[in-house]
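Inspection log for the structure reproduced underneath, given as structure tokens.
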Amino acid sequence: MANESNSVLIVGFNTRPLAYSLKKAGYIVYAVDFFGDLDFYPYVDDSIIVINELKKNYNSLKDKYSKHLAKFALTLHQRYRDVKYFLIGSGLDDAYDDREMLYDEMKKYNTQNIN
């Protein structure tokens, strides 16, 4: 297993700016992102892209994407249980129940919430 002491799992509607900054700061970056724009990929070590996974477009998901972001964050966290940090970006701002569920899950594995 890789050394996960400087790893971070980020989740949000557009995580590219966070992924860029964290990668430049030397972190191993795992991300759940809605669109997965091409300039996103050089800055992540692994990712789940919501529209790719669901094979749907923005219009069909725009009112419920926070649930999908949360679900895929759990999926990615299952792959990397030893990830050190967890950070929520845009897209889950008002999804309090989804955020709480994610925080509770991350605590079980000592993944530190840095929001």
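Near residue 54, within a Cβ-to-Cβ distance under 14 Å, what is the net charge of the other residues, with Lys and Arg +1 and Asp and Glu -1?
+3
Under a straight-distance cross-link criterion of Cα-Cα below 18 Å, which lysines are reachable from residue 84, leaving out those fewer than 8 residues away in the same chain?
Once the sequence-local lysines are set aside, what remains near residue 84 is 23, 24, 107, 108.
Only four residue types carry charge here, +1 at the Cβ of Lys and Arg and -1 at the Cβ of Asp and Glu. Report the dipole size of the range 1-110 about the Cα centre in Debye, rounded to the nearest 20.
140
So which lysines can residue 56 reach, going by Cα to Cα under 18 Å and dropping same-chain residues fewer than 8 places off?
Here the lysines satisfying the reach criterion relative to residue 56 are 64, 67, 71.
Going highest first, how would you order 73-86, 54-67, 7-20, 101-114 by mean Cβ packing within 10 Å?
Numbers: 73-86: 17.1, 54-67: 12.3, 7-20: 22.1, 101-114: 14.4.
Highest mean packing first, the order is 7-20, 73-86, 101-114, 54-67.
Rounded to whole Hz and in sequence order, give me ³J(HN,Hα) for the range 64-72 from the Karplus expression 6.51 cos²θ - 1.76 cosθ + 1.60, θ = phi - 60°, writing x for Gly and Pro.
The phi angles translate into 9, 5, 4, 4, 5, 4, 5, 4, 6 Hz.
Wrap a convex hull around the Cα atoms of the chain, take a quarter of its surface area, and give that in square nanometres. Don't jump to the answer; show the numbers that get you there.
Numbers: hull surface 26.5 nm².
Result: 6.6 nm².
Tell me, what is the percent relative contact order of the chain, built from C-alpha pairs under 8 Å that lie six or more residues apart?
Worked out over the chain, it gives 31 percent.
What accessible area per residue comes out for the chain, rounded to a whole number of Å², with a 1.4 Å probe?
55
In whole percent, how big is the carbon plus sulfur part of the accessible area of the chain, probe 1.4 Å, protein atoms only?
That fraction is 47 percent.
The values are calculated or read from the model by the stated rules, or taken from the named source; none is laboratory data. All of these numbers come straight from a predicted model, not from anything done at the bench. Glycine gets a Cβ as well: all are built from the backbone with ideal geometry, and neighbour counts include every protein chain shown. The area values use the complete protein model at the heavy-atom level, side chains included, leaving out ligands, DNA and RNA. Shrake-Rupley method; radii C 1.70, N 1.55, O 1.52, S 1.80 Å.
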